[in-house]
Amino acid sequence: MESTRYKLNSPFSFHEFQSKVAMLAESGRSSGEESAERIEATKINAQRIKRIYKTFSYSENTKNILANVTAKWDWILLMESWCGDGAQNGPIIAKIAELNPLINLKIILRDENEEIMNLHLTNGTKSIPKLICIDSNSKEIIGEWGPRPIVIQKMVKEYKANNPAVPHDEFVKNLHLWYSQDKGLSIEAEFVDLIEKWNN
């Protein structure tokens, strides 16, 4: 699939996105359609994004794999300020992208880029975060990732299957507990595998 038709509406660098989330949190707002729940999630995510970006440390292997990338890529990451999975994974994706100057990461808001989102659904849903890797020269889509690391997604499926009536707040609490215990290792490992595949 070619991505030449992709017109990014208000793209952000990671740090621009981080600043936007912080600004929304401070003003008691959220991106997209606002609700009390999304505003509260944005406040939590502002701190979460800052903490994870500051504390995540990639391995030497990841550093070496990224050093071997010779193609020029555009990474488009669909997010929203209120998305918990985005706050957990976005900072790690950003730090991985920073390891190679040939990778140009741009974050776009899902609800402001519906046409792009609709081309990259997950089982028919607009699940985020969703990353699209594009060859900068040919404009061909190399691959995509999202919305969660496979290990975390497996836990989510098992938990929901065993607890069909679980309240949303309890599910979210468990989700972030799993992320905390994982310490970003699953997404780092997945991206190393993907990058090696995309680079070949």
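Name the residue that is surrounded by the most Cβ atoms within 10 Å (Cβ to Cβ), counting only residues in region 25-67 that are among the aliphatic types (A, V, I, L, M) and touching a residue at least 60 places away in the same chain (Cβ under 8 Å).
Just the residues of region 25-67 that are among the aliphatic types (A, V, I, L, M), to begin with: 25, 36, 39, 41, 44, 46, 49, 52, 65-67.
Right, trim to touching a residue at least 60 places away in the same chain (Cβ under 8 Å) and you get 52, 65-66.
Values: I52: 22, I65: 20, L66: 20.
The selected residue is I52.
In region 147-182, which residues are in contact (Cβ under 8 Å) with a residue 60 or more places away in the chain and assigned to a loop (DSSP other than H, G, I, E, B)?
P147, R148, P149
Results for (1) closer than 30 Å to K197 by Cβ; (2) in a loop (DSSP other than H, G, I, E, B); (3) of a type in the set (G, A, S), shown as yes or no for each residue.
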residue: V21; (1), (2), (3): no, no, no
residue: G32; (1), (2), (3): no, yes, yes
residue: Q47; (1), (2), (3): no, no, no
residue: S57; (1), (2), (3): yes, yes, yes
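Within region 73-101, restricting attention to residues that are outside any helix (DSSP H, G or I), within 16 Å of the chain's Cα centre (by Cα) and aliphatic (A, V, I, L, M), which residue is surrounded by the most Cβ atoms within 10 Å (Cβ to Cβ)?
If we take residues in region 73-101 being outside any helix (DSSP H, G or I), within 16 Å of the chain's Cα centre (by Cα) and aliphatic (A, V, I, L, M), then M79 is surrounded by the most Cβ atoms within 10 Å (Cβ to Cβ).
Determine which member of the set I65, I52 is within 20 Å of F17 (Cα to Cα) and either more than 11 Å from the chain's Cα centre (by Cα) or in a helix (DSSP H, G or I) (or both).
Going through I65, I52 in turn, the sole match is I52.
Specify which of the listed residues (L8, L78) is of a type in the set (A, V, I, L, M, F, W, C) and modelled with pLDDT under 95.
None of the other options fit; the residue is L8.
If only one of I141, I187 is within 16 Å of I93 (Cβ to Cβ) and either free of Cβ contacts under 8 Å to residues at least 12 places away in the same chain or of a type outside the set (G, A, S) (or both), which one is it?
Exactly one residue qualifies, and that residue is I187.
Sort out which residues of region 117-140 are surrounded by fewer than 18 Cβ atoms within 10 Å (Cβ to Cβ), closer than 24 Å to P101 by Cα and of a type outside the set (S, T, N, Q), and write them in order of number. Please lay out each step first, then the result.
Taking region 117-140 and keeping what is surrounded by fewer than 18 Cβ atoms within 10 Å (Cβ to Cβ), we get 118-119, 121-126, 135-140.
From what's left, closer than 24 Å to P101 by Cα: 135-140.
Within region 117-140, D135, K139, E140 meet the criteria.
Out of (1) modelled with pLDDT under 95; (2) within 15 Å of the chain's Cα centre (by Cα), what's the single condition that is false for N137?
Going through the list (1) modelled with pLDDT under 95; (2) within 15 Å of the chain's Cα centre (by Cα), N137 breaks only (2).
Here are some conditions: (1) among the β-branched types (V, I, T); (2) crowded, with 17+ Cβ neighbours inside 10 Å; (3) under 20 Å from V192 (Cβ atoms). T70 meets all but one. Which one does it not meet?
Every condition holds for T70 apart from (2).
Given the conditions (1) touching a helix residue (DSSP H, G or I) at 6+ places or on another chain (Cβ under 8 Å); (2) over 28 Å from S57 (Cα atoms); (3) surrounded by 13 or more Cβ atoms within 10 Å (Cβ to Cβ), and given that K160 satisfies all but one, which numbered condition is not satisfied?
Unmet for K160, out of (1) touching a helix residue (DSSP H, G or I) at 6+ places or on another chain (Cβ under 8 Å); (2) over 28 Å from S57 (Cα atoms); (3) surrounded by 13 or more Cβ atoms within 10 Å (Cβ to Cβ): (3).
The values are calculated or read from the model by the stated rules, or taken from the named source; none is laboratory data. Being a predicted model, the structure only gives us computed values, none of them experimental. With ideal geometry, Cβ positions are generated from the backbone for all residues, glycine too; neighbour counts draw on all protein chains shown.
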